[in-house]
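The values are calculated or read from the model by the stated rules, or taken from the named source; none is laboratory data. Quick caveat: nothing in here was measured; it's all calculated off a predicted structure. Every residue, glycine among them, receives a Cβ derived from its backbone with ideal geometry; neighbour counts consider all protein chains shown.
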Amino acid sequence: MAKTVDWSKYFSYNTSKLEDFQKRLGARNVFATALMPIRGPIGFRKLDYEFAEKSLNVKEIMDKVEECHFNIFGLVIKDTDGACTWDTKVGWNPTNRDILGEFCDEGKERNIPIMVSLTSMNDAYQGHLHPERVSIHGKSGVIKKFDRKYEVGDISTHEEGEMRVDLPEGISLEEYQKKIPFLTEKIDDKIGASRGARGKGYIPLTSFMCPNSEHVDYLIDLAKEVVKNYPVESFIADYIRYDGQFTDLCTCERCQELFRDKYGQKAKILKSNQWYDFKEDTIAIYARKLQDAIKGIDKNCITGWFLLPGSKNMFTRKRIAQNWTKLSEILDITCPMEYPYLTGTRDDGWKWGKLGDIAYWYFIRNMKKRAHEINNPALAITNSVECNAEEMLKQMKGFDFGLGIALFKYFGTTDSQWKALKKYSEEDIGLDNLGLAKNYKL
Ligand SMILES: [Zn+2]
């Protein structure tokens, strides 16, 4: 397979970790596609509970996955809205379905292991249910997009940036708010030009929860429930971080007290290295709890975390507090989210194609510079949605760090892309290297 970059020069983790992972997978390469069940059948700018409940056809999806030779299927079991798409006693499931269970059954039938992703700190429903667990702003500011002010001490519950909600036929907003309580009466009625402004419909709220609150206990309970009750091969934590939109979270009393206990009364909240260390450690402590909870139930379940690429100091440390080294030393694998062509695609015109190309160059350069900070095998996830087949293949080759590649996401992938994917698995990777789960047993 022609590799764009020889990544083995840049990563420094022990290769026995990689071999161990390949052995467990029964294949040399990961070739995965992922599905977000509540974002509807097209892109990902909608929250569509009706679709998840009534139209999502699990068998049809898994037929397609098998036809294209994918050897892992990724499922987002909890998205940023907070809906838990399994049979749960702990969480909120508005779909009236055990979607995870259905995928596990179909996966078992075809020997395709299931990898799940759980959104952690971003949770609209929990923000509505437990405002006392939402992150607190330490500074006042304005969210330009919505022309909305917030003050010091306000909770970080804001209008959702990209996802919108359509009302089901014959149902009023008031009625629907009983089911989706974080839905506002505001409507976004036109599709914007920029990529982040493509949603259309009612605007929901979204909340970043405080990672030192009881929200973490809730997440751990969810993880335990999933790993105990479902044969999931891998469990990856998403949104294992602070909100990247702000630099002033979280200054709640819990966080202030913990910080002062550790660094003393004079230590500076918000702008000090100690504060940034404290936030990175807070996220790492959640990773440790998750690792112990999952391994305590199934030591073979592969754990991981989603990494957002970017500048080490300005973004990773000061905004989202993801310490790549600490997190990769705790969890089994790291999943960098490499979505350059979400910035723009040639299909929308020359300018957007150019922006996508620049983003691609930046993402490659960023990872070359920072790969040495990652101490476990890295499996990148890149986008098939909202770009063309050529851009998709370029990303798949560029971001194969040695473990293979995962794709985001199933719905929104076009016919020409499906064709290209099937061809890629047969000709570029080779069916032998995919193992096709021949020896794989659940
Ligand atoms: Zn807090």
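Structure data summary
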item	result
Top-ranked residue in segment 339-360 [being of a type in the set (Ser, Thr, Tyr) and touching a residue at least 60 places away in the same chain (Cβ under 8 Å); ranked as nearest to LEU393 (Cα to Cα)]	TYR339
Scan of segment 117-134 for residues that are within 16 Å of the ligand (Cβ to nearest atom) and under 24 Å from the mean Cα position of the chain (by Cα), ordered by number	SER120, MET121, ASN122, ASP123, GLN126, GLY127, HIS130, PRO131, ARG133, VAL134
Condition check for ARG260: more than 22 Å from the chain's Cα centre (by Cα) and either away from the ligand (no atom under 16 Å from the Cβ) or assigned to a helix (DSSP H, G or I) (or both)	yes
Positions within segment 217-257 being within 16 Å of the ligand (Cβ to nearest atom), hydroxyl-bearing (Ser, Thr, Tyr), more than 16 Å from ASP277 (Cα to Cα) and touching a Gly at 6+ places or on another chain (Cβ under 9 Å), in sequence order	TYR218
Wholly within segment 356-442, helices (runs of 4 or more DSSP H) carrying at least 1 residues that are at pLDDT below 95	431-434
Among (1) aliphatic (A, V, I, L, M); (2) more than 17 Å from SER213 (Cβ to Cβ); (3) not in a loop (DSSP other than H, G, I, E, B) - the single one ILE285 does not satisfy	(2)
Criterion (within 16 Å of the ligand (Cβ to nearest atom), at pLDDT 95 or above, within 25 Å of the chain's Cα centre (by Cα) and surrounded by 12 or more Cβ atoms within 10 Å (Cβ to Cβ)) met by exactly one of HIS158, HIS137	HIS137
Out of LEU56, LEU25, sole residue that is in contact (Cβ under 8 Å) with a residue 24 or more places away in the chain and under 30 Å from ASP432 (Cβ atoms)	LEU25
Qualifying residue in segment 336-353 (condition: buried (at least 18 other Cβ atoms within 10 Å of the Cβ), more than 14 Å from GLU391 (Cβ to Cβ) and in contact with a Pro (Cβ under 9 Å, 6 or more places away or on another chain))	yes
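So that you can scan it fast, the table gives a plain yes or no per residue for (1) among the hydrophobic types (A, V, I, L, M, F, W, C); (2) buried (at least 22 other Cβ atoms within 10 Å of the Cβ); (3) touching a strand residue (DSSP E or B) at 6+ places or on another chain (Cβ under 6 Å):
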{"site": "LYS369", "(1), (2), (3)": "no, no, no"}
{"site": "ILE381", "(1), (2), (3)": "yes, yes, yes"}
{"site": "GLU386", "(1), (2), (3)": "no, yes, no"}
{"site": "GLU390", "(1), (2), (3)": "no, no, no"}
{"site": "MET396", "(1), (2), (3)": "yes, yes, yes"}
{"site": "ALA406", "(1), (2), (3)": "yes, yes, yes"}
{"site": "ASP428", "(1), (2), (3)": "no, no, no"}
{"site": "ASN433", "(1), (2), (3)": "no, no, no"}
